[in-house]
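Scroll down for the structure; my scribbles are underneath it.
The values are calculated or read from the model by the stated rules, or taken from the named source; none is laboratory data. Note that the structure is a prediction, hence the values are computed from the model and not measured. Here the Cβ positions follow ideal geometry from the backbone for every residue, glycine too, while neighbour counts run over all protein chains shown.
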(Lines give C-alpha, C1' and ligand atoms only; values in the text may rest on other atoms or scores of the structure.)
Protein backbone atom coordinates (compact mmCIF):
# COMPACT_ATOMS: atom_id res chain seq x y z
CA UNK A 1 0.00 0.00 0.00
CA UNK A 2 1.56 3.33 -1.05
CA UNK A 3 1.14 6.54 0.93
CA UNK A 4 -1.79 7.81 -1.13
CA UNK A 5 -3.69 4.56 -0.64
CA UNK A 6 -2.83 4.63 3.04
CA UNK A 7 -3.97 8.25 3.26
CA UNK A 8 -7.39 7.52 1.75
CA UNK A 9 -7.74 4.53 4.07
CA UNK A 10 -6.85 6.58 7.16
CA UNK A 11 -9.15 9.39 6.09
CA UNK A 12 -12.11 7.06 5.63
CA UNK A 13 -11.41 5.20 8.87
CA UNK A 14 -11.13 8.44 10.83
CA UNK A 15 -14.43 9.71 9.49
CA UNK A 16 -16.25 6.44 10.24
CA UNK A 17 -14.65 6.05 13.68
CA UNK A 18 -15.69 9.51 14.81
CA UNK A 19 -19.21 9.35 13.37
CA UNK A 20 -20.18 5.79 14.27
CA UNK A 21 -18.24 5.09 17.46
CA UNK A 22 -16.83 8.13 19.27
CA UNK A 23 -19.85 10.45 19.00
CA UNK A 24 -22.36 7.65 19.84
CA UNK A 25 -20.18 6.71 22.83
CA UNK A 26 -20.23 10.30 24.06
CA UNK A 27 -24.00 10.57 23.68
CA UNK A 28 -24.62 7.25 25.45
CA UNK A 29 -22.08 7.40 28.27
CA UNK A 30 -21.34 11.02 29.17
CA UNK A 31 -23.93 12.60 31.47
CA UNK A 32 -23.20 16.10 30.23
CA UNK A 33 -24.66 17.16 26.89
CA UNK A 34 -21.23 17.53 25.34
CA UNK A 35 -22.29 18.49 21.82
CA UNK A 36 -24.83 21.08 22.96
CA UNK A 37 -22.43 22.56 25.51
CA UNK A 38 -19.71 22.75 22.87
CA UNK A 39 -22.09 24.59 20.54
CA UNK A 40 -22.94 26.99 23.37
CA UNK A 41 -19.27 27.75 23.99
CA UNK A 42 -18.74 28.45 20.29
CA UNK A 43 -21.84 30.65 20.09
CA UNK A 44 -23.85 28.42 17.76
CA UNK A 45 -27.14 28.29 19.67
CA UNK A 46 -30.24 30.30 18.81
CA UNK A 47 -32.59 31.83 21.40
CA UNK A 48 -34.37 28.47 21.77
CA UNK A 49 -31.17 26.58 22.45
CA UNK A 50 -31.00 24.90 19.05
CA UNK A 51 -27.72 24.43 17.19
CA UNK A 52 -27.86 26.78 14.21
CA UNK A 53 -24.69 26.98 12.11
CA UNK A 54 -24.39 29.94 9.76
CA UNK A 55 -22.90 27.65 7.13
CA UNK A 56 -22.10 23.98 6.78
CA UNK A 57 -18.37 24.24 7.48
CA UNK A 58 -19.11 25.48 11.01
CA UNK A 59 -20.21 21.94 11.86
CA UNK A 60 -16.63 20.75 11.35
CA UNK A 61 -15.54 23.23 14.04
CA UNK A 62 -18.26 21.95 16.35
CA UNK A 63 -17.25 18.33 15.82
CA UNK A 64 -13.59 19.15 16.35
CA UNK A 65 -14.29 21.13 19.52
CA UNK A 66 -16.55 18.39 20.88
CA UNK A 67 -14.06 15.54 20.69
CA UNK A 68 -10.81 17.44 21.29
CA UNK A 69 -11.45 20.54 23.39
CA UNK A 70 -14.45 19.82 25.61
CA UNK A 71 -12.94 18.49 28.83
CA UNK A 72 -14.28 16.57 31.80
CA UNK A 73 -11.86 16.37 34.73
CA UNK A 74 -9.17 17.63 32.39
CA UNK A 75 -9.68 14.89 29.81
CA UNK A 76 -10.90 15.27 26.23
CA UNK A 77 -13.56 13.01 24.76
CA UNK A 78 -10.86 11.28 22.71
CA UNK A 79 -8.91 10.50 25.88
CA UNK A 80 -12.02 9.27 27.70
CA UNK A 81 -12.97 7.09 24.74
CA UNK A 82 -9.49 5.53 24.53
CA UNK A 83 -9.50 4.77 28.25
CA UNK A 84 -12.84 2.99 28.13
CA UNK A 85 -13.16 1.40 24.69
CA UNK A 86 -10.82 -1.21 23.25
CA UNK A 87 -9.74 -0.60 19.66
CA UNK A 88 -11.13 -3.21 17.29
CA UNK A 89 -7.96 -3.40 15.20
CA UNK A 90 -4.54 -1.88 14.63
CA UNK A 91 -5.88 0.69 12.17
CA UNK A 92 -8.31 2.10 14.72
CA UNK A 93 -5.51 2.35 17.27
CA UNK A 94 -3.31 4.24 14.79
CA UNK A 95 -6.15 6.70 14.11
CA UNK A 96 -6.93 7.19 17.80
CA UNK A 97 -3.27 7.79 18.63
CA UNK A 98 -3.04 10.45 15.92
CA UNK A 99 -6.26 12.08 17.14
CA UNK A 100 -4.87 12.29 20.66
CA UNK A 101 -1.54 13.71 19.45
CA UNK A 102 -3.19 16.21 17.10
CA UNK A 103 -2.75 19.96 17.43
CA UNK A 104 -4.30 23.15 16.08
CA UNK A 105 -2.48 26.16 14.68
CA UNK A 106 -2.46 28.77 11.95
CA UNK A 107 -0.33 27.81 8.96
CA UNK A 108 1.00 29.73 5.98
CA UNK A 109 0.90 27.86 2.66
CA UNK A 110 4.43 28.15 1.25
CA UNK A 111 4.33 25.63 -1.58
CA UNK A 112 2.08 23.04 -3.21
CA UNK A 113 2.83 19.82 -5.09
CA UNK A 114 -0.23 18.84 -7.07
CA UNK A 115 1.44 15.68 -8.37
CA UNK A 116 2.21 14.43 -4.85
CA UNK A 117 -0.97 15.81 -3.20
CA UNK A 118 1.16 17.77 -0.75
CA UNK A 119 0.72 21.20 0.79
CA UNK A 120 3.86 22.63 2.40
CA UNK A 121 3.13 24.79 5.43
CA UNK A 122 4.81 27.00 7.98
CA UNK A 123 3.33 26.97 11.48
CA UNK A 124 2.79 30.67 12.22
CA UNK A 125 2.42 30.43 16.00
CA UNK A 126 5.15 27.87 16.66
CA UNK A 127 7.54 29.07 13.92
CA UNK A 128 7.92 25.54 12.56
CA UNK A 129 8.85 25.29 8.90
CA UNK A 130 8.19 22.55 6.37
CA UNK A 131 5.06 20.98 7.80
CA UNK A 132 3.99 18.62 5.02
CA UNK A 133 0.26 18.12 4.76
CA UNK A 134 -1.28 15.45 2.55
CA UNK A 135 -4.62 16.64 1.18
CA UNK A 136 -5.89 15.76 -2.28
CA UNK A 137 -8.42 18.57 -2.72
CA UNK A 138 -6.38 21.31 -1.06
CA UNK A 139 -3.30 20.46 -3.13
CA UNK A 140 -5.35 20.88 -6.31
CA UNK A 141 -7.27 24.06 -5.40
CA UNK A 142 -5.05 25.85 -2.87
CA UNK A 143 -2.48 28.59 -3.45
CA UNK A 144 0.40 30.27 -1.67
CA UNK A 145 -1.63 33.39 -0.91
CA UNK A 146 -3.51 31.51 1.78
CA UNK A 147 -3.39 30.88 5.52
CA UNK A 148 -4.99 27.75 6.94
CA UNK A 149 -6.28 27.24 10.45
CA UNK A 150 -6.62 23.53 11.01
CA UNK A 151 -6.00 20.57 13.27
CA UNK A 152 -3.09 18.42 12.12
CA UNK A 153 -3.15 14.68 12.73
CA UNK A 154 0.44 13.35 12.73
CA UNK A 155 1.02 9.87 11.36
CA UNK A 156 4.32 8.09 10.79
CA UNK A 157 4.01 8.39 7.02
CA UNK A 158 2.35 11.82 6.65
CA UNK A 159 0.21 14.52 8.24
CA UNK A 160 -3.45 15.14 7.46
CA UNK A 161 -6.15 17.47 8.73
CA UNK A 162 -8.98 16.46 11.04
CA UNK A 163 -11.40 17.80 8.43
CA UNK A 164 -11.75 21.19 10.10
CA UNK A 165 -10.11 23.87 7.97
CA UNK A 166 -10.51 27.63 7.89
CA UNK A 167 -8.90 29.63 5.06
CA UNK A 168 -7.75 33.26 5.20
CA UNK A 169 -5.89 35.61 2.89
CA UNK A 170 -2.17 35.60 3.65
CA UNK A 171 -2.08 39.41 3.90
CA UNK A 172 -4.17 39.07 7.08
CA UNK A 173 -1.49 37.14 8.96
CA UNK A 174 -0.32 39.96 11.25
CA UNK A 175 -3.87 41.05 11.93
CA UNK A 176 -5.00 37.52 12.79
CA UNK A 177 -2.04 37.02 15.13
CA UNK A 178 -2.71 40.35 16.82
CA UNK A 179 -6.44 39.72 17.22
CA UNK A 180 -5.85 36.20 18.50
CA UNK A 181 -3.43 37.48 21.14
CA UNK A 182 -6.08 39.93 22.34
CA UNK A 183 -8.90 37.37 22.27
CA UNK A 184 -6.65 34.73 23.82
CA UNK A 185 -5.99 36.94 26.83
CA UNK A 186 -9.69 37.67 27.32
CA UNK A 187 -10.68 34.00 27.06
CA UNK A 188 -8.04 33.04 29.60
CA UNK A 189 -8.61 35.79 32.14
CA UNK A 190 -12.37 36.38 31.85
CA UNK A 191 -13.70 32.97 30.86
CA UNK A 192 -10.99 30.82 32.50
CA UNK A 193 -10.26 28.54 29.53
CA UNK A 194 -6.94 27.02 30.54
CA UNK A 195 -6.05 25.29 27.27
CA UNK A 196 -4.51 27.45 24.56
CA UNK A 197 -5.77 25.09 21.87
CA UNK A 198 -9.30 25.59 23.20
CA UNK A 199 -8.86 29.35 23.13
CA UNK A 200 -7.37 29.15 19.65
CA UNK A 201 -10.25 27.10 18.26
CA UNK A 202 -12.87 29.43 19.76
CA UNK A 203 -11.04 32.46 18.36
CA UNK A 204 -10.61 31.11 14.85
CA UNK A 205 -14.16 29.84 14.75
CA UNK A 206 -15.25 33.47 15.04
CA UNK A 207 -12.53 34.75 12.70
CA UNK A 208 -13.70 32.16 10.17
CA UNK A 209 -17.17 33.72 10.21
CA UNK A 210 -15.63 36.86 8.74
CA UNK A 211 -13.61 35.05 6.07
CA UNK A 212 -15.01 34.87 2.56
CA UNK A 213 -12.52 32.30 1.26
CA UNK A 214 -13.98 28.95 0.30
CA UNK A 215 -11.42 26.21 -0.24
CA UNK A 216 -11.88 22.56 -1.14
CA UNK A 217 -10.22 20.17 1.29
CA UNK A 218 -10.52 16.52 2.24
CA UNK A 219 -12.98 15.38 4.86
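For the structure I just gave you, tell me whether residue 177 is farther than 17 Å from residue 198 by Cα, surrounded by fewer than 18 Cβ atoms within 10 Å (Cβ to Cβ) and at pLDDT 95 or above.
no
When we screen 126, 37, 137, 73 for residues that are assigned by TED's automatic domain parsing to the domain that holds residue 155 and closer than 22 Å to residue 197 by Cα, the only hit is 126. Of the numbered criteria (1) within 15 Å of the chain's Cα centre (by Cα); (2) in contact (Cβ under 8 Å) with a residue 40 or more places away in the chain, the one residue 142 fails is (1).
Selection of helices (runs of 4 or more DSSP H) fully inside the stretch 13-129 by the criterion of at least 3 residues being touching a strand residue (DSSP E or B) at 6+ places or on another chain (Cβ under 8 Å) returns 34-42, 58-64, 90-101. Within the stretch 81-100, being in contact with a helix residue (DSSP H, G or I) (Cβ under 8 Å, 6 or more places away or on another chain), closer than 23 Å to residue 31 by Cα and surrounded by fewer than 17 Cβ atoms within 10 Å (Cβ to Cβ) holds for 84, 85, 87, 100.
Hey, any hits in the stretch 156-170 for a residue that's assigned to a helix (DSSP H, G or I) and touching a residue at least 12 places away in the same chain (Cβ under 8 Å)? Yes: the stretch 156-170 contains one or more residues that are assigned to a helix (DSSP H, G or I) and touching a residue at least 12 places away in the same chain (Cβ under 8 Å).
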